[in-house]
1. Anything in the stretch 154-174 that is among the basic types (Lys, Arg) and touching a strand residue (DSSP E or B) at 6+ places or on another chain (Cβ under 7 Å)? List them, or say none.
2. Within the stretch 1-36, which residues are of a type in the set (Lys, Arg), within 21 Å of Pro104 (Cβ to Cβ) and in contact with a strand residue (DSSP E or B) (Cβ under 8 Å, 6 or more places away or on another chain)?
3. Can you tell me which residues in the stretch 113-136 are surrounded by 14 or more Cβ atoms within 10 Å (Cβ to Cβ) and without any contact (Cβ under 8 Å) to a residue 40 or more places away in the chain?
4. Would you please name the residue that is farthest from the chain's Cα centre (by Cα), looking only at residues in the stretch 149-174 that are in a loop (DSSP other than H, G, I, E, B) and closer than 16 Å to Ile210 by Cα?
5. Residues that are touching a Lys or Arg at 6+ places or on another chain (Cβ under 6 Å) and either at pLDDT 90 or above or among the basic types (Lys, Arg) (or both), at least 1 per element: which helices (runs of 4 or more DSSP H) completely within the stretch 1-98 meet that?
Amino acid sequence: MKSRILVVDDESRMRKLVRDFLVRKEFEVLEAGDGEAAVDLFFQEKDIDLIILDVMMPKMDGWEVCRTIRKHSQVPIIMLTAKGEERDELRGFELGADEYISKPFSPKILVARVEAILRRSGSLNADVLSLGGIQLDKTAHQVSVDGQEVELSFKEFELLEYFMENQGIALSREKILNNVWNYDYFGEARTIDTHVKKLRSKMGAKGDYIKTIWGMGYKFEVEE
C-alpha cells in the first residue's frame, strides 16, 4: 500500500511541485487549495498518513487546520511557511506540528523529511530501504544493487543505511561519526573517507550517489 500524503497550499504551482516529487517516490498524493477543503478531505478520506500544510491560506489558515485535526488525530504534520521567525515555529510545535519548513525550500529535502517522519511513525516499512536501484534489508543485513547482492562489512552497511535514511541531506563528517560510529568513538575523519571509498567501489556506478561536499562531508543523492 502506498502512503497517502495530503498537500495543502493555496498556490497551485507549489502543490504541483511538491506532488511531482512525492509521486516520483511512489507516494499517493491528495490536494487541497484552502484550509476548509483540507479539513473536509482529511475527515472524508480517514486514511491519510501525513499532511504537508501551508500556514497562510484563505478561509482557514494552517494554524487552525492543525488545531482542528489535532483534536481528533495524531497524523504527522509538516508545516510550510514563508515566515522564518522563531515565534511562528514555536507556535507550530505548540499546536502539534511534527516539522516546520520555511519557504523557499528544496523539494528533495522535503521528501527526505516526509520519508523520515513516516519511518518513525511506522507508515513506511522501516526494515527495507529502496532508492535508485539500491535495496537495503536491515533485518537480513543484505544489500543489492540492481538486483545483484553486494557484500559489505558491518560498518559499510551501517554507513550506507545512514546515507539512505538521510537522502538529499548534507552530512558533516562529525555528524556521520556520531551517528554511525557513535559518540564514544574518538577516531579521525579519514576513517569515514576510507569507508566511503570502499563503499563507492563496491556499489559500482551507484557509488556516484555519494557526493563529496568539500570541507564538510558527504551527501547521498539519487539522480532522477
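The values are calculated or read from the model by the stated rules, or taken from the named source; none is laboratory data. Just so it is clear, the model here is predicted, and its values are computed rather than measured. Using ideal geometry, Cβ is built from the backbone for each residue, glycine included, and neighbour counts are taken over all protein chains shown.
1. If the condition is that a residue be among the basic types (Lys, Arg) and touching a strand residue (DSSP E or B) at 6+ places or on another chain (Cβ under 7 Å), then Arg173 is the only one that fits.
2. Listed by number, the residues that qualify are Arg15, Arg19.
3. Selection gives Arg113, Ala126, Leu129, Ser130, Gln135, Leu136.
4. Leu152
5. The qualifying helices (runs of 4 or more DSSP H) are 35-45.
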